[in-house]
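Novice: Below is the structure I would like to discuss, written out as structure tokens.
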Amino acid sequence: MEAALRTEDLNLGINGNQILSDISMSLEKGAFAALCGRNGAGKSQLMRCLKGLRKPSSGRILLDGRESSPGERMRRIALVFQSAEMQIVSQSVEKDVAFGPENLGLDKAEVESRVEEALCLMGLEDKRRQRPQTLSGGELRKTAIAGVLAMHPSVLLLDEPFANLDYPSTLSVIRALISLHERGYTILVVSHEAEKFLAHTDTLLIMDNGRLVECGPSEDVYGALRDYGVYLPPSCSFGDLAWLKA
Ligand SMILES: Nc1ncnc2c1ncn2[C@@H]1O[C@H](COP(=O)(O)OP(=O)(O)OP(=O)(O)O)[C@@H](O)[C@H]1O
Ligand SMILES: [Mg+2]
């Protein structure tokens, strides 16, 4: 089966600095993958290249086995940014979730049905008329995720989805991601908070200094995280990482 998303020898230079070097990675359809690495490793810049927001200096990005244009990736890949609140633009949760599908030019009935589906997937039905400014951090994050789900993406990228969330909100975002995974979404979560969600993932990628240094089944690769500056609780087995029961 073709990978949902694949890169070949991706390089990115910004102002003479090499930010990404020879990144060749692949996400299988339906994968729930984690991308970890210390601050400045290049994770967010890689997400921007995948999404089509930044043009790599060289290399290829393939969707379902075919070379893709940035425009196609803008449509088919969803990216929830590191600061999700910057993605919220409307006066109510439901208007915000409707914003993307409306911009796609879909008719009213289709927009309504997608909004309903996305709110339901993220458990936000009772927040639909609330103003985004009054939402909690976790609700805001889930609104941003609902907003991209309403675009019916083939791949969902989330950059630091647990940042600044308390324990219940972290759990509720993890639960939402697990439910999307069960529905067959291909998901890549960028986070250095590996201990919070790694047990639920099947694939782990580690970046360091602009390079992809490890990639494989999470259970086989997680032991390398400490070598690359990612915190794990002391003497912790992969099974122990399921402490955050979702
Ligand atoms: N416009 C730019 N000019 C120069 N360097 C840049 C620019 N944008 C990003 N960088 C550098 O690229 C490197 C990778 O940044 P990136 O944001 O991808 O890191 P990250 O792995 O997401 O880190 P964090 O965990 O802190 O979010 C950093 O060293 C950053 O300073
Ligand atoms: Mg980042």
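The values are calculated or read from the model by the stated rules, or taken from the named source; none is laboratory data. Since the model is a prediction, treat every value here as computed from it, not as a measurement. Here the Cβ positions follow ideal geometry from the backbone for every residue, glycine too, while neighbour counts run over all protein chains shown. Only protein heavy atoms, including side chains, enter the accessible area calculation; ligands, DNA and RNA are left aside. Shrake-Rupley method; radii C 1.70, N 1.55, O 1.52, S 1.80 Å.
Novice: Once the Cβ-Cβ distance between N39 and S90 is put in as r, and R0 is 35 Å, what FRET efficiency do you end up with, to the nearest 0.05? Could the numbers behind the result be given before it?
Specialist: On the way: r = 32 Å, r/R0 = 0.91.
Taking R0 as 35 Å, the efficiency between N39 and S90 is 0.65.
Novice: Quick one: P(r) of the chain from all Cα-Cα pairs, 5 Å bins, percents rounded to integers, in order of increasing distance.
Specialist: 1, 6, 14, 18, 19, 17, 12, 8, 3, 1, 0
Novice: Provide D240, D159 ordered by accessible surface of protein heavy atoms (probe 1.4 Å), highest first. It would help to have the intermediate numbers written out before the result.
Specialist: Values: D240 80, D159 10 Å².
Most to least solvent-accessible, the answer reads D240, D159.
Novice: By the gyration tensor of its Cα atoms, with a ≥ b ≥ c the square roots of the eigenvalues, what is the shape of the range 115-179: rounded for a/c under 1.5, prolate for a/b over b/c, or oblate?
Specialist: Values: a/c = 1.58, a/b = 1.06, b/c = 1.49.
Verdict is oblate for the range 115-179.
Novice: Let me ask another. Applying 1/(1 + (r/R0)^6) with R0 = 35 Å to the Cβ-Cβ distance of E110 and R131, what FRET efficiency is obtained, to the nearest 0.05?
Specialist: Details: r = 25 Å, r/R0 = 0.72.
Between E110 and R131 the formula returns 0.90.
Novice: What whole-number distance in Å separates the alpha-carbon centres of the range 187-246 and the range 74-143?
Specialist: So the separation of the two Cα centres works out to 29 Å.
Novice: How much length would be gained if the chain were fully extended between R183 and L232, taking 0.36 nm per residue of separation minus their Cα-Cα distance, in nm to one decimal?
Specialist: Values: separation 49, 0.36 × 49 = 17.64 nm, distance 2.90 nm.
Between R183 and L232, full extension yields an extra 14.7 nm.
Novice: Roll a 1.4 angstrom probe over the protein heavy atoms and tell me the percent of accessible area of the range 94-221 that is carbon or sulfur. Please list the in-between numbers first.
Specialist: Numbers: 2500 of 5410 Å².
For the range 94-221, the apolar C and S fraction of the accessible surface comes to 46 percent.
Novice: While we're looking at this one, here's another question. For the range 114-128, just list the computed ³J(HN,Hα) in residue order, Karplus coefficients 6.51, -1.76 and 1.60, θ = phi - 60°, integers in Hz, with x standing in for Gly and Pro.
Specialist: 5, 5, 4, 4, 5, 4, 5, 4, 9, x, 10, 4, 7, 10, 4
Novice: Let me spell out the model: positive unit charges on the Cβ of Lys and Arg, negative unit charges on the Cβ of Asp and Glu, origin at the Cα centre of the chain. What dipole size does that give, in debye rounded to 20? If you can, show how the numbers build up before the last one.
Specialist: Details: 28 positive and 33 negative charges, 118 e Å.
That gives a dipole near 560 debye.
Novice: Can you give the extra length, in nm with one decimal, that the chain gains between A224 and E2 once fully stretched, where that is 0.36 nm per residue apart less the Cα-Cα distance? List each step's numbers first, then the result.
Specialist: Numbers: separation 222, 0.36 × 222 = 79.92 nm, distance 2.76 nm.
Stretched out fully, the A224 to E2 stretch lengthens by 77.2 nm.
Novice: Can you give the accessible area per residue of the chain, in Å², using a 1.4 Å probe? The partial results should precede the final answer.
Specialist: Numbers: 11110 Å² over 246 residues.
On a per-residue basis, 45 Å².
Novice: Summing +1 for each Lys or Arg and -1 for each Asp or Glu, what net charge is found among the other residues whose Cβ lies under 12 Å from the Cβ of N39? Intermediate values should be presented prior to the final figure.
Specialist: Working: positive: R38, K43; negative: E160, D208.
Net of charged neighbours comes to 0.
Novice: Output the peptides 189-197, 16-24 sorted from most to least packed, where packing is the average of other Cβ atoms within 10 Å over each peptide's residues. Each step should come with its number before you reach the end.
Specialist: Numbers: 189-197: 22.2, 16-24: 15.8.
Those peptides, ordered most packed to least, come out 189-197, 16-24.
Novice: Could I ask something else about it? To the nearest 10 Å², what's E67's accessible area with a 1.4 Å probe?
Specialist: Using a 1.4 Å probe on the heavy atoms, I get roughly 100 Å².
Novice: Under the 0.36 nm per residue contour assumption, what length would be gained going from the current alpha-carbon distance of V213 and N15 to full extension?
Specialist: Numbers: separation 198, 0.36 × 198 = 71.28 nm, distance 2.39 nm.
Full extension from V213 to N15 adds 68.9 nm.
Novice: Under 27 Å Cα to Cα from K142, which lysines show up? Leave out anything in the same chain fewer than 8 places away.
Specialist: Partners within reach: K29, K43, K51, K95, K108, K127, K196, K245.
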